[in-house]
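A.B. asks: Quick one: structure below, then a few questions.
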Amino acid sequence: MQPRKAVALISGGLDSLLAARLIQQQGIHVEGINYYTGFCVEGHTHAIRNRDRRRVKRNNALWVAEQLGIKLHIVDIVDEYKDVVINPRHGYGANLNPCLDCKIFMVGKARQWIDENGFDFIITGEVIGQRPKSQRKRFMPVIADESGAEDRLLRPLCAKNLAPTLPERAGWVDRELLKDFSGRSRKPQMALAEEFGFRDYAQPAGGCCFLTNQTYSVKLKDLWDNRGRRDYELDDIMLLKVGRHIRPSRSYKLIIAREEGETNFLSGYRHMFPSISTVSHPGPLTLIEGEPLDEKQLELACAITARFSKGRDAESVELCYNDRQRERSIHVKPLAAEQIRQDWIVG
Ligand code: SF4
């Protein structure tokens, strides 16, 4: 008889790794799916910023799949996911994280995928009582129902605390070998990782996506407020991950690199935005997002950029303004720290 087949939602974290291994151990054929939303934390900012240079640069979902020896399907859901972020039916968590809707959406996508690919059930690494809100016990059936996965959704790490699902009732998996983890403590997971011999797994500080990050959420809200509509493109949400965001006026915002790695990254956007770079002193690259600046606004933008350059204490700093058609040289006195108003700083 062909082994039963399960697809595991692989975030790249420890829980999905353990959940998939528990099911693999029962002779089930497991493959993984990783959904790319554009808000993922790992492998992006770490790859950009110099200060993170010592961190391991890897795609954690691929690393997990490699540890498990399974095939991983990375699926781009950037466009479809917008509606989840913009109009979450169950609302947001502490920041702009629509966790419950996100889980429902991803499990729903996985449900479609198993139907199309002849798989039997879905595995997630959810643990009751862990953050975020979607992992509270009362939301577990909501995810199963609203996603359409129903009892083809198995959470091996906390299955014993939940009603038996189809794979358990049908005897495809032995419920007794599943776990009853609950609560925020990570100790049971760490002990199980030790038992399985998994080391060096990802310990993402601040969660799996930028939507749980307060500063990031403030920047996203600012973007929506100032555009007058709740929408975004992939470039928008990428740029919110990088640089200091300073909005001296509703009509424009400066994105100022905080270090060389960010300057290199923002350079890739110079064809899309007017930019300012420093000439007389080492300094950051600034992108200008919004309406074209008048001369006074341009002078202020240059003075702010100069403030973050090595010439911050100089009488005059030379900068180069590039409006994407031509370049011109501008000399300004850097703004003093106290002249940068708190209400200009986004996030
Ligand atoms: S943290 Fe982000 S990816 Fe994770 S469930 Fe919440 S919204 Fe979805």
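A.B. asks: Is it true that Thr212 is at pLDDT below 95, of a type in the set (Ser, Thr, Tyr) and open to solvent by less than 60 Å² (accessible area, probe 1.4 Å)?
C.D. replies: Spelling it out, Thr212 is indeed at pLDDT below 95, of a type in the set (Ser, Thr, Tyr) and open to solvent by less than 60 Å² (accessible area, probe 1.4 Å).
A.B. asks: Please go through segment 82-103 and pick out each residue that is in a helix (DSSP H, G or I), more than 9 Å from the ligand (Cβ to nearest atom) and not β-branched (Val, Ile, Thr).
C.D. replies: Lys82, Asp83
A.B. asks: Follow-up question, since we're still on this one. Find the residue count for segment 268-309, including only residues that are touching a Cys at 6+ places or on another chain (Cβ under 9 Å) and either farther than 12 Å from Lys253 by Cα or not assigned by TED's automatic domain parsing to the domain that holds Asn322 (or both).
C.D. replies: Selection size over segment 268-309: 4.
A.B. asks: When the residues of segment 104-139 are narrowed to those that are outside any loop (DSSP other than H, G, I, E, B) and open to solvent by 50 Å² or more (accessible area, probe 1.4 Å), which ends up nearest to the ligand (Cβ to nearest atom)?
C.D. replies: If we take residues in segment 104-139 being outside any loop (DSSP other than H, G, I, E, B) and open to solvent by 50 Å² or more (accessible area, probe 1.4 Å), then Lys133 is nearest to the ligand (Cβ to nearest atom).
A.B. asks: Which one of Leu223, Leu266, Leu254 is open to solvent by less than 50 Å² (accessible area, probe 1.4 Å) and not in a helix (DSSP H, G or I)? If you could, list the steps in order and put the result at the bottom.
C.D. replies: On the way: Leu223 fails: not in a helix (DSSP H, G or I); Leu266 fails: not in a helix (DSSP H, G or I).
Testing whether each residue is open to solvent by less than 50 Å² (accessible area, probe 1.4 Å) and not in a helix (DSSP H, G or I) leaves just Leu254.
A.B. asks: What is the residue count in segment 140-156 for residues that are within 16 Å of the ligand (Cβ to nearest atom) and either without any contact (Cβ under 8 Å) to a residue 24 or more places away in the chain or touching a Cys at 6+ places or on another chain (Cβ under 6 Å) (or both)?
C.D. replies: Number of matching residues: 1.
A.B. asks: From (1) open to solvent by 30 Å² or more (accessible area, probe 1.4 Å); (2) β-branched (Val, Ile, Thr); (3) out of contact with any strand residue (DSSP E or B) (no Cβ under 9 Å at 6 or more places or on another chain), pick out the condition that doesn't hold for Ile237.
C.D. replies: Result: Ile237 fails condition (1) only.
Residue-wise test of (1) of a type outside the set (Asp, Glu); (2) in the same structural domain as Asp115 (by TED's automatic domain parsing); (3) open to solvent by less than 30 Å² (accessible area, probe 1.4 Å).
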| residue | (1), (2), (3) |
| --- | --- |
| Pro141 | yes, yes, no |
| Asp151 | no, yes, no |
| Arg155 | yes, yes, yes |
| Cys158 | yes, yes, yes |
| Asn161 | yes, yes, no |
| Glu168 | no, yes, yes |
| Arg175 | yes, yes, no |
| Pro188 | yes, yes, no |
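A.B. asks: Still on this structure, please answer the following. Being among the charged types (D, E, K, R) and crowded, with 16+ Cβ neighbours inside 10 Å is the filter here; which residues of segment 300-329 pass it? Break it down into steps so the answer makes sense when it comes.
C.D. replies: Residues of segment 300-329 that are among the charged types (D, E, K, R), as a first pass: 307, 310, 312-313, 315, 318, 323-324, 326-328.
Selection gives Arg307, Glu318.
A.B. asks: Being part of a helix (DSSP H, G or I) and open to solvent by less than 60 Å² (accessible area, probe 1.4 Å) is the filter here, so list the residues in segment 66-81 that pass it. Lay out the reasoning, then the answer.
C.D. replies: Step one: list which residues in segment 66-81 are part of a helix (DSSP H, G or I), which gives 66-68, 78-81.
If the condition is that a residue be part of a helix (DSSP H, G or I) and open to solvent by less than 60 Å² (accessible area, probe 1.4 Å), then Leu68, Val78, Tyr81 are the ones that fit.
A.B. asks: For segment 188-204, how many residues are within 16 Å of the ligand (Cβ to nearest atom) and more than 12 Å from the chain's Cα centre (by Cα)? Break it down into steps so the answer makes sense when it comes.
C.D. replies: Filtering segment 188-204 down to residues within 16 Å of the ligand (Cβ to nearest atom) leaves 202-204.
Now drop any that are not more than 12 Å from the chain's Cα centre (by Cα), which leaves 202-203.
Matching residues across segment 188-204 total 2.
The values are calculated or read from the model by the stated rules, or taken from the named source; none is laboratory data. The structure presented is a predicted model; accordingly, all values stated were derived computationally and were not measured. Cβ sites come from the backbone with ideal geometry, for glycine too, and all protein chains shown count toward neighbours. Please note that ligands, DNA and RNA were not included when accessible areas were found on the heavy atoms of the full protein model with its side chains. Shrake-Rupley method; radii C 1.70, N 1.55, O 1.52, S 1.80 Å.
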